[in-house]
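What follows is a set of notes on a single structure, which appears directly below.
The values are calculated or read from the model by the stated rules, or taken from the named source; none is laboratory data. Keep in mind that this is a model prediction, so the values were computed, not measured. Note that we place each Cβ from the backbone using ideal geometry, even for glycine, and neighbour counts take in every protein chain shown.
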């Protein structure tokens, strides 16, 4: 960025990125330690040592900060290995999500967020914008590419296929009627792809 008159460093992106990182860490820590109700704009601002105006400059609501912080800590579960097969990538993504929900504090937090979204339109919008839609776009893109390669049937309903892959993970998280066991991802992916093969 350069320097302002008088030799002082100019304000710019590095400072903003540090502040943004501090906000996301603060929101994630509050979410883990105190649950959804602990994540207020006041608490985030105090913990991150930024103003509330800074928060509202970057996020429209506490729900958006909360989901952004949650996603920043779980981004690895959407990773795509470019050298892996479609089946391997999907198994990896679903398996990572199941492990995340089963073995970390993210499972109970996601269950709470889904429940809260039923009554809170801000949480519902943030959940859709920052969690569901980005994940769905990745998976739909993988399936679309497989259809274009002739690997999967041209009549495949991509949105329904993504639901078929991921919905059982959320269903088991929310209802607990069956475990999120290690073989679940391979079972879900294998059964779906066998039905969709061209």
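So in region 49-76, with the set limited to residues that are in a helix (DSSP H, G or I) and free of Cβ contacts under 8 Å to residues at least 24 places away in the same chain, which one is nearest to residue 120 (Cα to Cα)? Out of the qualifying residues, it is 56. Do we find a residue being part of a helix (DSSP H, G or I), more than 26 Å from residue 117 (Cβ to Cβ), in contact with a helix residue (DSSP H, G or I) (Cβ under 8 Å, 6 or more places away or on another chain) and modelled with pLDDT of 90 or more anywhere in region 31-44? So far as region 31-44 goes, no, none of its residues is part of a helix (DSSP H, G or I), more than 26 Å from residue 117 (Cβ to Cβ), in contact with a helix residue (DSSP H, G or I) (Cβ under 8 Å, 6 or more places away or on another chain) and modelled with pLDDT of 90 or more.
Tally up the residues in region 133-163 that are closer than 23 Å to residue 115 by Cβ and either crowded, with 16+ Cβ neighbours inside 10 Å or touching a strand residue (DSSP E or B) at 6+ places or on another chain (Cβ under 8 Å) (or both), please. Going through region 133-163 one residue at a time, the tally reaches 3. Does any residue of region 182-194 turn out to be closer than 25 Å to residue 69 by Cβ, touching a helix residue (DSSP H, G or I) at 6+ places or on another chain (Cβ under 8 Å) and at pLDDT 95 or above? Scanning region 182-194, I find no residue that is closer than 25 Å to residue 69 by Cβ, touching a helix residue (DSSP H, G or I) at 6+ places or on another chain (Cβ under 8 Å) and at pLDDT 95 or above, so the answer is no. The sole residue among 11, 15, 75 that is modelled with pLDDT under 90, more than 27 Å from residue 111 (Cβ to Cβ) and exposed (fewer than 12 other Cβ atoms within 10 Å of the Cβ) is 11. The residues in region 164-180 that are surrounded by fewer than 18 Cβ atoms within 10 Å (Cβ to Cβ), in contact (Cβ under 8 Å) with a residue 40 or more places away in the chain and part of a loop (DSSP other than H, G, I, E, B) can be counted, and the count is 1.
Within region 81-94, can one find any residue that is assigned to a helix (DSSP H, G or I), touching a strand residue (DSSP E or B) at 6+ places or on another chain (Cβ under 9 Å) and either crowded, with 16+ Cβ neighbours inside 10 Å or in contact (Cβ under 8 Å) with a residue 12 or more places away in the chain (or both)? Taking every residue of region 81-94 in turn, at least one turns out to be assigned to a helix (DSSP H, G or I), touching a strand residue (DSSP E or B) at 6+ places or on another chain (Cβ under 9 Å) and either crowded, with 16+ Cβ neighbours inside 10 Å or in contact (Cβ under 8 Å) with a residue 12 or more places away in the chain (or both).
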